[in-house]
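Here's the structure, in C-alpha cells; my notes come after.
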Amino acid sequence: MNGLPGAIVLGLENAIGLTVVRELGAHGVPVHGVGPDTAIAAASHYCRSVTARPAGPIADWLPRLITQTGARAVIAISETDLLDLARLPAMIDGCHILVPRIDPLQQVIDKRRTLAVASAQGLLVPQTWQPMAGDDFAAHAAAMPYPLVAKWANPPAVMPLLERAGLEWIKAEYVSTPDALQALLARYHPIGIWPLIQQYCAGTGLGQMLFMADGVATLRFQHRRLHEWPPEGGVSTLCQAEPRTLHGPQMILSETLLRALGWDGPAMVEYRYEADSGRYWLMEVNGRYWGSLPLAHHCGAHFAWESYRRAILCQRDAAPVPRDDLRARYMVPETKRLLRLFFARERISDPFFQVRPFAELTEYLVGFFSLRTRYYVFSLADPRPFARDIWQIFRKVAHLEKR
C-alpha cells in the first residue's frame with residue numbers, strides 16, 4: 001500500500017471530514033486537507049498537510065493546489081462544495097474529482113424531485129405539498145393530514161434568501177393544526193418561497209448506505225438512528241448498525257432508486273421505519289457524506305476508500321462485508337442532548353417525542369463500558385483530534401464566562 005497517490009479533502013471541521021481523513025490515511029493515502037488549521041481533522045496524524053482555504057471560487061484555486069500537492073483525487077464534505085465541484089470537469093490534470101455529476105446531484109438535493117422518482121419506483125413516500133404563489137393556502141391547510149413537518153426542499157438554494165430577509169433557517173418544524181400551518185406559511189410570504197409541508201411519519205430513523213458504480217451497489221451498510229441533536233431530529237449522536245439480514249427487500253428498493261436517479265458514488269437513503277406496520281417512509285437521499293459515517297467506518301464499510309480505490313487504483317473486486325454489531329456516539333452533542341432532556345425539555349419541538357431522562361442517563365453511562373461502543377471523534381490510534389475538540393470547547397466556555 002506504499003506510494004499511493006495523494007488525495008485532497010475539502011472540509012476538516014467536523015467528524016465527517018475527520019472520518020474521511022482517517023479512512024484514507026489508514027489505507028496509506030497521503031491526505032492534504034483544505035480548511036482552517038484549527039479544525040479537528042487538521043490535528044489528525046493522517047493529515048499530511050493543511051492548506052487554508054483560498055478566497056474565491058474553487059475553480060480559481062483548485063488546479064493550482066492539485067499541481068502543488070500532486071494529488072490524484074479530490075473529495076468534498078459539504079453540499080456547497082459538492083455543487084461547485086460537480087460543475088468542473090471530472091478530471092483536472094490527471095486528478096479525479098470524486099463527486100457526483102451535477103444533474104443527479106441537483107435531483108437528489110431537491111427533495112421534490114427525489115420523492116417523485118421514488119414514488120415512480122414503488123417506494124412509500126409521505127403526502128407532500130410544496131406551497132407556491134397563487135395556491136389556496138387555506139384549502140391546503142384544511143386538507144393536509146396532521147401532524148405535519150415543514151422542511152426546505154433545496155436548503156443550499158434557500159439559505160441565502162432567508163439570510164438576506166433576516167429569517168432563520170429551520171431544518172424541520174412541526175405543525176399540529178391548520179392555524180399553526182397558516183402562521184408558518186405567513187412567515188415566508190416576504191420572500192415568496194415556502195418549505196415543503198410533509199406528513200409526519202412515526203417510527204425510527206433507518207439509513208441504508210450504498211456505493212453505486214455503473215448502476216450496481218458495490219458496498220452496502222445500514223444503521224438505525226437511536227439519538228439525534230436536537231432531540232427531535234438533526235445530527236445523529238448515537239447510532240447502531242443493523243444486521244444485514246434485516247430490511248433486505250428495502251435495500252433492493254434503495255438500490256433501485258439510486259439507479260433510477262443515475263447515481264454514482266456514495267449515498268444514504270433515509271427512511272422512517274415503522275416496526276409495527278413494517279412500513280418504510282422515504283425521507284430523503286443524502287448525496288454527501290453523512291453524519292453517521294464514523295459508524296460505517298468503524299464497522300469496515302469504507303465509503304471514501306471505495307471511491308478512491310475504484311477510481312485511482314482501478315480495483316473492481318467486491319468490497320469486504322462490514323460487521324454489523326457496533327454502536328457509535330458523537331459525545332459532545334450526545335451530552336448536550338442529555339442535558340436538554342433533564343433541564344430544557346420544553347425546548348423539544350416534536351410533540352410526539354418521548355422524554356425518558358433517567359433511562360437515557362443510564363444508557364449514557366453504561367455506553368462507556370460497552371465493548372460495542374465506538375466514537376465519532378475519540379480514537380486511541382489518533383488521539384489529537386479529540387484533544388483539540390475538548391480544548392476548543394473549554395476555550396469557548398471560558399470566553400462566554402468572560403463576557
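The values are calculated or read from the model by the stated rules, or taken from the named source; none is laboratory data. Values in this document were obtained by computation on a predicted structure and should not be read as measured data. We place every Cβ from the backbone using ideal geometry, glycine too, and count neighbours over all the protein chains shown.
Annotations
- Residues considered: ARG337, ARG327. Of these, the only one that is surrounded by 18 or more Cβ atoms within 10 Å (Cβ to Cβ), over 30 Å from TYR46 (Cα atoms) and under 22 Å from the mean Cα position of the chain (by Cα) is ARG337.
- Filter result for the condition that a residue is assigned by TED's automatic domain parsing to the domain that holds ASP350 and modelled with pLDDT of 95 or more, over LEU210, LEU185: LEU210
Residues checked against (1) in contact (Cβ under 8 Å) with a residue 40 or more places away in the chain; (2) in contact with a strand residue (DSSP E or B) (Cβ under 6 Å, 6 or more places away or on another chain); (3) not acidic (Asp, Glu):
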| site | (1), (2), (3) |
| --- | --- |
| ARG316 | no, no, yes |
| PRO322 | yes, yes, yes |
| LEU326 | yes, yes, yes |
| GLU334 | yes, yes, no |
| PHE343 | no, no, yes |
| GLU346 | no, no, no |
| ASP350 | yes, yes, no |
| VAL355 | no, no, yes |
| PHE358 | no, no, yes |
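- Criterion applied to TYR273, TYR289, TYR308, TYR280 was being in a loop (DSSP other than H, G, I, E, B) and within 20 Å of the chain's Cα centre (by Cα), and the one residue passing it is TYR289.
- Only residues that are crowded, with 17+ Cβ neighbours inside 10 Å and either assigned to a loop (DSSP other than H, G, I, E, B) or of a type in the set (A, V, I, L, M) (or both) were counted in the stretch 6-26, giving 14.
- Selection count, the stretch 48-61, where residues are closer than 23 Å to PHE303 by Cα and either under 22 Å from the mean Cα position of the chain (by Cα) or among the aliphatic types (A, V, I, L, M) (or both): 1
- Of the criteria (1) farther than 25 Å from GLU228 by Cα; (2) touching an Asp or Glu at 6+ places or on another chain (Cβ under 6 Å); (3) of a type in the set (A, V, I, L, M), which one LEU185 fails: (2)
- Some residue of the stretch 365-375 being outside the structural domain of GLU173 (by TED's automatic domain parsing), aromatic (Phe, Trp, Tyr) and either within 20 Å of THR204 (Cβ to Cβ) or in a helix (DSSP H, G or I) (or both): no
- Criterion: at pLDDT below 95, closer than 29 Å to ALA172 by Cα, assigned by TED's automatic domain parsing to the domain that holds THR237 and under 24 Å from the mean Cα position of the chain (by Cα) - qualifying residue of ILE348, ILE393: ILE348
- Boolean, GLY33 is part of a strand (DSSP E or B), closer than 24 Å to TYR330 by Cβ, at pLDDT 95 or above and under 21 Å from the mean Cα position of the chain (by Cα): yes
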